[in-house]
């Protein structure tokens, strides 16, 4: 695979189902949130399959086995087999087995999926730091508590290598973001002072394995996180589609650094089925549909051809955000805080309220 040549968002795209043969989908925040499917996503994925696109599922959530994940997907009307699923526990197990060899002793911390992946990789799972593990593999688990974290700390301080399946600080839920594996990894790191070896996304190994399994020629990574899904896609040399059903909000997208800028943007996985508009230069402005944005010394300015009347509801409603992102990215290499944005008309003011962006 070679890195996409187009500038993020600027080039637009025909419907991804007509361009990409395989979609590599993140799960939490993309296909489902908590136990429930994102509204409309099972139907969208069924339509993508009918159009000839194959699906692979690549998750940083290490709590469940591929079999359990596939069963959950099938219950949500997204048919899948265990072979369609790559978990960060599998990636960690592969790394540990390659580094320390078959039979090496490993202490798992996390949900059942962690220990299962280690055993399937030929490693010996132990329960205590006194069993002299060569590594501690830590992944997400709803039941992870003080006892497991304490055992991990003792083992790492005794010389075991701390391996994290991922460092996602949060996971999406119907109640909003909740602590993810990264929060728990931070506890062990904070006490031991030892930085973990991270094996999940954005490391390209997981996407590369899914590409190998599916024999993808032109894969498209679909995710909701910039720091794992989108950066992981770029590191794997694949195109990316960001959906807004998970943790990323417009202000975060606007300030994304070059390695975390998606090629395409959509409200949800329905974006696989439709053409994506280009953002084109118009003098000092960038235009997308009926919207324009420009960057200046004091921030961004957003306007619409409709003036006080909101532009047509045709499309997915993201053209104003696309124009803002490209205008800002063209003028900046990224910054920590979202820039102030001035509204040129009432329609732009309404759009900024929708995106929860600061207006000046």
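The values are calculated or read from the model by the stated rules, or taken from the named source; none is laboratory data. The shown structure was predicted, so the numbers you read here are calculated from the model rather than taken from an experiment. Glycine also receives a Cβ, built like all others from the backbone with ideal geometry; neighbour counts cover every protein chain displayed.
Below, the figures for the structure above:
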read-out	value
Conditions (1) surrounded by fewer than 22 Cβ atoms within 10 Å (Cβ to Cβ); (2) over 13 Å from residue 348 (Cα atoms); (3) modelled with pLDDT of 90 or more; number of the one not met by residue 315	(3)
Given (1) without any contact (Cβ under 8 Å) to a residue 40 or more places away in the chain; (2) surrounded by fewer than 20 Cβ atoms within 10 Å (Cβ to Cβ); (3) in a loop (DSSP other than H, G, I, E, B), number of the condition residue 133 does not satisfy	(2)
Hey, residue 256 under 27 Å from residue 221 (Cα atoms), at pLDDT below 95, surrounded by fewer than 22 Cβ atoms within 10 Å (Cβ to Cβ) and in contact with a helix residue (DSSP H, G or I) (Cβ under 8 Å, 6 or more places away or on another chain) or not	yes
Where residue 220 falls short, out of the listed (1) modelled with pLDDT of 95 or more; (2) assigned to a loop (DSSP other than H, G, I, E, B); (3) under 26 Å from residue 268 (Cβ atoms)	(2)
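One line per residue, one yes/no per condition, for (1) surrounded by fewer than 16 Cβ atoms within 10 Å (Cβ to Cβ); (2) without any contact (Cβ under 8 Å) to a residue 24 or more places away in the chain:
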residue	(1), (2)
162	no, no
166	no, no
177	yes, no
182	no, yes
187	no, no
202	no, no
205	no, no
213	yes, no
219	no, no
